[in-house]
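Peer 1: If you scroll down you'll find the structure; I have some questions about it.
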Ligand code: DHB
């Protein structure tokens with residue numbers, strides 16, 4: 001009989017395998033997120049939702065870079081009250097459903113996170129790392145005092161796991177991870193996009209309407225692996241690796257760096273959701289070849305050398 005090597009415990013959530021859909025991909029509808037579940041993803045994270053509806057930035061909001069995408073959508077979302085319907089529907093998914101939350105103050109994070117959990121979210125992921133919307137996202141995640149306040153206040157109200165998605169746009173991500181851990185977070189997602197821009201050489205005009213955006217995809221994978229490695233050295237919390245995972249070998253690299261699971265975003269947006277299956281199969285074959293019984297056995301293994 002084939003043994004199950006792929007299951008992971010992530011801050012109290014049980015995932016059938018260590019792959020997750022990253023926030024921001026395929027939007028906020030339960031229907032499109034449900035289609036991802038069918039492709040084998042171990043968990044789903046929604047696009048970030050806030051207290052009030054937001055239109056986001058005008059087009060263009062995404063441009064292609066050499067090895068990735070630069071995006072600045074401006075956090076478009078219908079607001080948590082409208083989104084609650086989708087959460088209620090997603091409760092029937094048979095994988096953990098995690099709602100990504102942003103706010104313009106600690107109180108807003110608390111209100112949105114509480115509404116999401118009351119509606120049935122299995123966990124929340126605090127977006128303290130969106131690199132280009134003022135007074136939220138990385139403006140919170142780059143400020144240790146504000147970050148700690150947000151995490152602490154959400155933790156006092158929410159009785160489900162609280163994940164915190166960190167920004168790579170800081171001097172020392174391990175220090176920020178330590179602040180996050182001390183404030184009571186249950187897991188850390190590393191990393192969000194890297195601040196970036198692109199300019200049209202004919203017109204001399206920045207390509208994104210917001211000018212500055214966030215770079216994702218294979219271009220940032222080595223940065224993300226380094227961040228996971230540094231965080232693993234400093235804090236005991238489970239880490240979810242995110243940034244440029246395209247195949248099973250990328251995913252395995254994150255696990256070896258210290259991640260307990262990986263999120264996949266840009267590759268799903270570009271190549272479609274079928275990649276979950278091949279990544280899961282590849283990790284399983286790797287473990288089998290190495291004579292290992294569980295994903296857990298390779299988490300952080302690169303630190304032993
Ligand atoms: C957006 C939000 C993010 O957290 C991010 O990393 C990139 C883009 C957005 O909606 O613009």
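The values are calculated or read from the model by the stated rules, or taken from the named source; none is laboratory data. Bear in mind that the values here come from a model prediction, so they are computed numbers and not experimental data. No Cβ is skipped: glycine too gets one built from the backbone with ideal geometry, and neighbour counts run over all protein chains shown.
Peer 1: Does the stretch 102-109 contain any residue that is within 19 Å of the chain's Cα centre (by Cα), part of a strand (DSSP E or B) and within 14 Å of the ligand (Cβ to nearest atom)?
Peer 2: Taking every residue of the stretch 102-109 in turn, none turns out to be within 19 Å of the chain's Cα centre (by Cα), part of a strand (DSSP E or B) and within 14 Å of the ligand (Cβ to nearest atom).
Peer 1: Looking at 59, 77, 71, which is the one that is touching a residue at least 40 places away in the same chain (Cβ under 8 Å), under 21 Å from residue 243 (Cα atoms) and within 15 Å of the ligand (Cβ to nearest atom)? Full working, then the answer.
Peer 2: Details: 59 fails: under 21 Å from residue 243 (Cα atoms); 77 fails: under 21 Å from residue 243 (Cα atoms).
That would be 71, the only listed residue that is touching a residue at least 40 places away in the same chain (Cβ under 8 Å), under 21 Å from residue 243 (Cα atoms) and within 15 Å of the ligand (Cβ to nearest atom).
Peer 1: If you take the residues in the stretch 115-150 that are crowded, with 23+ Cβ neighbours inside 10 Å, without any contact (Cβ under 8 Å) to a residue 40 or more places away in the chain and under 16 Å from residue 81 (Cα atoms), which one is farthest from the ligand (Cβ to nearest atom)?
Peer 2: My answer is 121.
Peer 1: Here's something else I'd like to know. Checking residue 49 against (1) more than 19 Å from the chain's Cα centre (by Cα); (2) more than 10 Å from the ligand (Cβ to nearest atom); (3) closer than 15 Å to residue 24 by Cα: exactly one of these is not met. Which one?
Peer 2: Tallying (1) more than 19 Å from the chain's Cα centre (by Cα); (2) more than 10 Å from the ligand (Cβ to nearest atom); (3) closer than 15 Å to residue 24 by Cα, residue 49 fails exactly one: (1).
Peer 1: Something else about it: How many residues are part of a loop (DSSP other than H, G, I, E, B) and within 13 Å of the ligand (Cβ to nearest atom) when one looks only at the stretch 27-46? Don't jump to the end; show me each part of the working.
Peer 2: Filtering the stretch 27-46 for residues part of a loop (DSSP other than H, G, I, E, B) gives 27-29, 39-42, 46.
After this cut, where a residue has to be within 13 Å of the ligand (Cβ to nearest atom) as well, the list is 27-28, 46.
The total comes to 3.
Peer 1: How many residues are buried (at least 21 other Cβ atoms within 10 Å of the Cβ) and under 23 Å from residue 70 (Cβ atoms) when one looks only at the stretch 1-27?
Peer 2: 6
Peer 1: Got at least one residue in the stretch 33-51 being farther than 17 Å from residue 113 by Cα, exposed (fewer than 15 other Cβ atoms within 10 Å of the Cβ) and at pLDDT below 95? Let's see the steps before the verdict.
Peer 2: To start, the set of residues in the stretch 33-51 that are farther than 17 Å from residue 113 by Cα comprises 33-43.
Those still in the list that are exposed (fewer than 15 other Cβ atoms within 10 Å of the Cβ) too: 35, 38.
Keeping just the survivors that are at pLDDT below 95 gives 35, 38.
Looking through the stretch 33-51, at least one residue is farther than 17 Å from residue 113 by Cα, exposed (fewer than 15 other Cβ atoms within 10 Å of the Cβ) and at pLDDT below 95.
Peer 1: Also, quick follow-up: Can you confirm whether residue 126 is assigned to a strand (DSSP E or B) and within 30 Å of residue 218 (Cβ to Cβ)? If you could, list the steps in order and put the result at the bottom.
Peer 2: On the way: assigned to a strand (DSSP E or B): yes; within 30 Å of residue 218 (Cβ to Cβ): yes.
Answer is yes for this residue.
Peer 1: Among 112, 99, which is modelled with pLDDT of 95 or more, within 16 Å of the ligand (Cβ to nearest atom), assigned to a helix (DSSP H, G or I) and closer than 24 Å to residue 161 by Cα? Please lay out each step first, then the result.
Peer 2: Details: 99 fails: assigned to a helix (DSSP H, G or I).
Answer to the check: 112.
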